[in-house]
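Reviewing the structure listed below.
Quick note: the coordinates plus some simple rules give every number you see, no bench work behind them. None of the values given here were measured: they were computed from a predicted structure. Virtual Cβ from ideal backbone geometry, glycine too; neighbours counted across all protein chains shown.
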Amino acid sequence: MKLRLSLVAVIAGLSAAPAFANLELAQKKNCMACHAVDKKLVGPSYKDVAAKYAGQKDAVDKLSQKVIKGGSGVWGQVPMPANAQVSEAEAKTLVTWILGGAK
């Protein structure tokens, strides 16, 4: 019985975790210093990024590399610095979350 209850708790936790985990990952990796979900700060809002790249099949790979290596010129004059703290897997998780609506 204890095992069954533990499995139910784990499954329930997994189903609720992704939305929070990705926001927490963005905070942990210092993304939120320049970006917000629904308004422009130093960089574009995540909602604006999602709208700009909607339907682009290579968006996750392209944007994941920008998260890691940085970039400039797409959103104005302020460059996005490289973020060496973010692994490729973390970058893909963040970008997938952003393109999915970043809630």
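Brief remarks on what is shown
- Neighbour cut-off at most 16 other Cβ (10 Å), DSSP loop, trypsin sites (Lys or Arg not before Pro), region 20-51: K39, K40
- Mean sequence separation of contacting Cα pairs (under 8 Å, at least six apart), scaled by the length of region 19-99, corresponds to a relative contact order of 31 percent.
- Each other residue within a Cβ distance under 11 Å of A84 adds +1 if Lys or Arg and -1 if Asp or Glu, for a net charge of +2.
- Normalised by 2.2 N^0.38 Å, where N counts its residues, the alpha-carbon radius of gyration of region 19-99 equals 0.98.
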